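As structure tokens, the structure follows; a few thoughts come after it.
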Amino acid sequence: LDRGGIGWLQGFDEVICRCGLDSNGAPGEDVVIDNNGNRMKVNLSLHGKIANLPAHHVTVEAQTQPPYEIAVIGHVEESALFCPQLELRTRISTRPGSNRLTISDEVVNLKATASELELVYHCNFGPPFLDPGARLVAPIREVAPRDARATEGIGHFDTYLAPTTGYVEQVYWYDLIAAPSTHQTLAAMSNSTGDRAVVLRYDKRQLPCFTQWKNTQAIADGYVTGLEPGTNYPNPRRFERQQGRVVRIEPGKSYSAEVTVEVCSTREQVSAIEKEVATISGQTRPEIHAKPQPKYSPV
């Protein structure tokens, strides 16, 4: 709870950062049941604990036969007495010569009672993908600004500025379209010249929410954008629960999610991504909300 609940930022330096597991989103007050069975108010900090906890089990696997897949496997526990006891079991894999990295996660409820889960993959990219005129490319059904500040930029929500001293972050909530047969969707950021891009692929049934964080500050202050698939939008947990976006895991059960990160380094690869997005979008025209919406933001 350092710095008014945003002390989490002191360890925020990853390309891919998980936010959760018990909670994520903006700092805020919530109510939990204490060890005496009473309702108790608690202050939740920014984006939870899992990103700053060490793994207690790590192994490396390497196939000696084609396709020679390499994987790092780790287990991280976020648990305490009289509190949720969740274990993240992750497998991060790739293959030699591949332009893809896959993160396969399973979150297990170790308790004898049900637990809540919030999980957002905060994927952060700067240059050479992010540059003046870079674009978000995704099959968008609906987009809404988080707050008044984001409303100022809704006319160009899908493009990025040059590094701007004093820029204040803008955040947008998305409902993306998934391929009907596979439930897969994707979100990409292409640079301004269309010859480099980074792509996130995932199953929308596992990660139904998508968030875009625009933070085009000066280079020295963090010129970066976040592409963030998640089980929820990173609002205070109490609001997300009211909207039915907090996952419930029964005792001994688990929740799985998988994200594949793909890097495109040629114009042809970027063009193929744009065509894939167009195919998934079909005839759907994005619904662009000019103001925050009560189903997305606590307005």
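Table for the structure above
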quantity: Restricting segment 209-221 to residues that are in contact (Cβ under 8 Å) with a residue 12 or more places away in the chain and farther than 23 Å from Pro294 by Cβ, the residue that is surrounded by the most Cβ atoms within 10 Å (Cβ to Cβ); calculated: Thr216
quantity: Residues of segment 230-280 that turn out to be surrounded by 15 or more Cβ atoms within 10 Å (Cβ to Cβ), among the polar types (S, T, N, Q), under 21 Å from the mean Cα position of the chain (by Cα) and outside any loop (DSSP other than H, G, I, E, B), as a count; calculated: 2
quantity: Of residues in segment 255-277 being of a type in the set (Asp, Glu) and in contact (Cβ under 8 Å) with a residue 24 or more places away in the chain, the one farthest from Asn124 (Cα to Cα); calculated: Glu276
quantity: Thr94 vs. criteria surrounded by 11 or more Cβ atoms within 10 Å (Cβ to Cβ) and modelled with pLDDT of 95 or more; calculated: yes
quantity: So Gly226, is it among the small types (Gly, Ala, Ser) and at positive phi; calculated: no
quantity: Number of the exception - Leu81 against (1) modelled with pLDDT of 95 or more; (2) loosely packed, with under 11 Cβ neighbours inside 10 Å; calculated: (1)
quantity: Test: Arg205 is under 22 Å from Ser271 (Cα atoms) and among the basic types (Lys, Arg); calculated: no
quantity: Some residue of segment 141-154 being on the phi > 0 side of the Ramachandran plot and over 21 Å from the mean Cα position of the chain (by Cα); calculated: no
quantity: Hits in segment 255-291 - residues which are touching a Gly at 6+ places or on another chain (Cβ under 7 Å) and within 22 Å of Thr182 (Cα to Cα); calculated: Val270
quantity: Residue within segment 56-73 that is within 20 Å of Trp8 (Cβ to Cβ), at pLDDT 95 or above and surrounded by 13 or more Cβ atoms within 10 Å (Cβ to Cβ) present; calculated: no
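Yes or no, residue by residue, for (1) in contact with a strand residue (DSSP E or B) (Cβ under 8 Å, 6 or more places away or on another chain); (2) acidic (Asp, Glu):
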residue: Glu240; (1), (2): yes, yes
residue: Val247; (1), (2): yes, no
residue: Glu250; (1), (2): yes, yes
residue: Ser256; (1), (2): yes, no
residue: Val261; (1), (2): yes, no
residue: Ser271; (1), (2): no, no
residue: Glu276; (1), (2): yes, yes
residue: Ile280; (1), (2): yes, no
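The values are calculated or read from the model by the stated rules, or taken from the named source; none is laboratory data. Please read all numbers here as calculations on a predicted model, not as lab measurements. With ideal geometry, Cβ positions are generated from the backbone for all residues, glycine too; neighbour counts draw on all protein chains shown.
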